[in-house]
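Just below is one structure, and these are the notes that go with it.
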Amino acid sequence: MTQADVHNANEVLGRWLNTNHETRGISECTVARDGDGWSVSLVGVGEDGPIQWPTVRATPLTNVEEEAGQRTMALLATFDLGFMRAETHVRLNKGVFVIVLFVTFLDDSGRANYLNREFLYRQP
């Protein structure tokens, strides 16, 4: 990805909080950049409190066709939690930080794989 491709890249940096304070999914996301590398960390909601997911490296993606001519970038981050894998796509859409999770269970629990979408705002 060239510098021209990531002209809005710094807009995704920082800590983002879920707009739905009663979510049962992801409560927050932090995106960081170290040189040419990107990282994403998530905090999930658990019965006994927040669950810190591991920080993972992320792959930048160019978002070539966007509504209203808006050009931005997206990040792909894969979280392997042992019992499940979450392929996660994050992007900024008109000021709203969108997380799309494709969750696959790797254990023999019989739980159904699922897709989830969360909407976040920048921490003030």
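What order do you get for His89, His21 when you list them from fewest to most C-beta neighbours inside 10 Å?
Details: His89 17, His21 7.
The fewest-first ordering by Cβ neighbours comes to His21, His89.
The GNM of the chain, with springs linking C-alpha atoms under 10 angstrom apart, assigns the highest mean-square fluctuation among Glu11, Glu47, Glu22 to Glu47.
Amide hydrogen proximity for Thr72: with H placed 1.01 Å from N in the peptide plane, the residues at 5 or more positions away or on another chain lying under 5 Å are Asn63. Taken about its Cα centre, the chain carries a charge dipole of about 220 debye when Lys and Arg each add +1 at the Cβ and Asp and Glu each add -1 at the Cβ.
Applying 1/(1 + (r/R0)^6) with R0 = 35 Å to the Cβ-Cβ distance of Leu61 and Ser109, what FRET efficiency is obtained, to the nearest 0.05?
Working: r = 31 Å, r/R0 = 0.88.
E between Leu61 and Ser109, to the nearest 0.05, is 0.70.
Largest GNM mean-square fluctuation among Ala58, Ala74, Ala112, using the chain with Cα springs under 10 Å: Ala112.
From the P(r) of the chain, can you give the percent of Cα pairs sitting at distances over 21 Å?
Tail of the P(r) past 21 Å holds 39 percent of the pairs.
The stretch between Asp34 and Met84 holds 15.3 nm of extra length on full extension. This uses 0.36 nm per residue minus the Cα-Cα distance.
Each part gets one Cα centre, and for region 11-29 versus region 73-123 those centres are 12 Å apart. Applied to region 15-29, the Karplus parametrisation 6.51 cos²θ - 1.76 cosθ + 1.60 on θ = phi - 60° returns per-residue 3J(HN,Hα) values of 9, 10, 10, 5, 6, 9, 5, 9, 4, 10, x, 9, 8, 7, 9 Hz, with x for Gly and Pro.
Values in this text are rule-based calculations from the coordinates and carry no lab data. Predicted, not measured: the structure shown is a model, and the values here were computed from it. Positions of Cβ are backbone-derived with ideal geometry, glycine not excepted, and every protein chain shown enters the neighbour counts.
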